[in-house]
Amino acid sequence: MFEVNADHVNISGFTVKNAKNAAGIYLEATYCNISNCNCSNNHYGVYLENSNSNTMSNNICTNNEYGIHIFNSSDNILSNNNCSNNVWDGFLLLYNSNDNIIENNSALNNEDDGIYLQDSLNNKIRNNNALSNSIGIRLLRCLNSDIESNNVNWNHAGICLSGSSNSKIKSNSISYNSYDYGIQLYKSSDNRIEKNKANNNKGGGIRLFYSSNNTVLKNNASNNSNGIQISYSSDNNIEENTASHNNDFGIHLYSSTNNIIKSNRISNNNHGIYLRDSSDNKIENNNVSTNNEYGFYLDWSSNNNVENNTASNNSDGIYLWYSSDNNVYLNNFINNTDNVYSYASTNIWSSIQLITYQYNDTTFTNHMGNYWDDYIGSDADKDGIGDTSYSINSNNDNYPLMEPFESYVILPPTELRVHNLNTGEDFTTIQAAIDDPDTKDGHTIIVDAGTYYETVDVYKSLTLVGEDKTTTIIDGGGGIGVIGVGDVVYVNVNNVEISGFTIRNSDWHSNYRGIKL
């Protein structure tokens, strides 16, 4: 056994074996280099304790209890090592082992984990092969880890994070793991799972379990049992993923709230997007097609928003079972065997607010429902909204679209910055607030900061209050040398109060005023 407790030591080219209750190479030092050694049949192949800034490269650690064990050691580089066929872990980093780089290593056929980190932060795990272990890469209570471009295949489970946060799992290949999920987060938050291929895993592709505020972006989760599963988890973003040819669900939410499921491609699964006991989620801009059963299935789920999705060529486009108070609008239901089925469910099938949109180069304002390719109603006023309702069991879509939602240009809502405190109504201009029939003598009009290009005729006994006199501006459009439209503010009634404005640019040519009483 080598025991090193001096700095700047190089150990290279040895076979170290049969240290049954100790390490083949034990290091408690800094700036050392261990390379091209073969460590076998030891308790630990290599053990670093309280050791920083060391390099370990091109070593083979096989048939030990543990391959390479790092304890309370930081800033080390482990590269091109092979830790295989060990009784427990291939690479084990424990307790304040921070800022280490683990790259281009192989961890094969270890009975426990290929690479295992615990209670450590800021480590980089990249370009490693973790194959045929119990768990390929496992992190417990770790922060700020980078797990990138690893091959994690043929394990019982792929990449597992527990109690770990602020980590990045990117561009890994996680396939053919035989028991559990390719990537699984348990009680882990603020992580980013991006551009991974999680395919052909028996348990599923990606799972979030009791985990919140994570981003799952641009992954491919295909040919698994389930593609992406979210259980007992909230406030996650699941965006731009592909989930196809999974045996059961493309995306499955169970007892989960406030998640965003957006712009995913879900195809050729048994079920597309399935919500069970889940509420207050946003299901937006997904393409859900050619699934054997349902495109969307809401099961005992309420208060979800389902908007701008396309469900095509499924058995059922959308299926609701004891699911109420969901808002379903601006979706396309095309060429499904049944576009919709709803049982014991009462939902809203159009926009709650009025929407301003352009259809055939004409602008309209109306509520907007969904496009149903089997709708047979007419559109006499040519506004793109059917004249009769589309029947949905006990509900109706009262504003069915005549064409897929892509044929409508949704215009941004007009900013309402003028407020009548007495009626609670909002307006785009000061004059509109005054002119409104509900505005009466004695009311107060509050004007948000901004520039209002208008002239104002105050003919009711009102109080007008600007948010701030330097930033709340009424501009009459005149100015020196410019012909405007008269006085900027003209008051012709008693009991008017005006405060908090800059008033400028009356008609200079005709000697008009900022305020005329």
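The values are calculated or read from the model by the stated rules, or taken from the named source; none is laboratory data. Keep in mind the model is a prediction, meaning the values are calculated, not measured. When we count neighbours, we look across all protein chains shown, and the Cβ atoms used for this are built from the backbone with ideal geometry, even at glycine. SASA here: full protein model, heavy atoms, side chains in, ligands and nucleic acids out. Shrake-Rupley method; radii C 1.70, N 1.55, O 1.52, S 1.80 Å.
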Given a 1.4 Å probe, how much area per residue of the range 182-305 is accessible, in Å²? 34 Å²
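Using the beta-carbon distance between residue 285 and residue 432 and R0 = 41 Å, what value does 1/(1 + (r/R0)^6) give for FRET efficiency, to the nearest 0.05?
Efficiency at R0 = 41 Å is approximately 0.75.
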Rank 290, 263, 151 by how far each Cα sits towards the positive end of the charge dipole of the chain (+1 on Lys, Arg Cβ; -1 on Asp, Glu Cβ) and give me just the farthest. 151
So how do 195, 516 rank on accessible area, 1.4 Å probe, biggest first, that is with the largest at the start? 195, 516
Everything considered on the Cα gyration tensor (a ≥ b ≥ c; rounded for a/c under 1.5, else prolate if a/b is larger than b/c, else oblate), the range 399-454 must be described as prolate
To the nearest 10 square angstrom, what accessible area does residue 402 show with a 1.4 Å probe? 60 Å²
Taking all protein chains in place and a 1.4 Å probe, what share, in percent, of the accessible surface of the range 60-119 do carbon and sulfur account for? 41 percent
What is the extension gain from residue 407 to residue 299, computed as 0.36 nm multiplied by their sequence separation minus the C-alpha to C-alpha distance, in nm to one decimal? 35.8 nm
Around residue 209: net Lys/Arg minus Asp/Glu count, Cβ-Cβ under 14 Å: +1
So, over other residues within a Cβ distance under 13 Å of residue 138, counting Lys, Arg +1 and Asp, Glu -1, the net charge is -4
Can you bin the range 99-219 into rounded, prolate or oblate? Criterion: square roots of the alpha carbon gyration tensor eigenvalues sorted a ≥ b ≥ c, rounded for a/c under 1.5, prolate for a/b above b/c, oblate for the rest. rounded
Measuring from the lowest to the highest alpha carbon on each principal axis, how far does the range 376-487 reach, largest first, in angstroms? 60, 37, 24
Roughly what would the spin-label model give for residue 58 and residue 96, points 7 Å off Cα along C-beta, in nm? 3.4 nm
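What does DSSP give for the chain in terms of the percent of beta bridges that are antiparallel, rounded to the nearest 5?
Close to 10 percent.
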Using a probe radius of 1.4 Å on heavy atoms only, what accessible surface per residue do you get for the range 1-125? Whole Å² is fine. 39 Å²
For the range 202-242, compute Rh as the Kirkwood radius over C-alpha pairs and then the Stokes-Einstein diffusion coefficient at 4 °C and 1.567 mPa s; write the answer in µm²/s, rounded to an integer. 125 µm²/s
Hey, any idea what Rg/Rh is for the chain, computing Rh the Kirkwood way over Cα pairs? 1.19
Treating only the Cα positions of the range 166-309 as identical point scatterers, give the base-10 log of I(q)/I(0) from the Debye formula at each q in 0.09, 0.15, 0.18, 0.21 Å⁻¹. -0.21, -0.61, -0.91, -1.29
Whenever you get a sec, compute what percent of the accessible area on the range 120-269 sits on carbon and sulfur atoms (1.4 Å probe). 39 percent
Carbon-plus-sulfur fraction of the accessible area of the range 283-408, 1.4 Å probe, in percent? 42 percent
Diffusion constant of the range 34-104 at 37 °C, which comes from Stokes-Einstein with the Kirkwood Cα-pair radius and 0.692 mPa s, µm²/s: 283 µm²/s
Between the range 358-418 and the range 248-320, how many Å separate their Cα centres? 22 Å
Can you tell me the FRET efficiency between residue 178 and residue 87 if r is taken as the Cβ-Cβ distance and R0 is 22 Å, rounded to the nearest 0.05? 0.65
Net charge over other residues, Cβ less than 15 angstrom from the Cβ of residue 232 (K, R count +1; D, E count -1): 0
For residue 106, residues with placed amide H under 5 Å, excluding near neighbours: 81, 82, 83, 129
Label point 7 Å beyond Cα of residue 149 along Cβ direction - residues of the range 87-130 with amide nitrogen under 14 Å: 102-105, 124-129
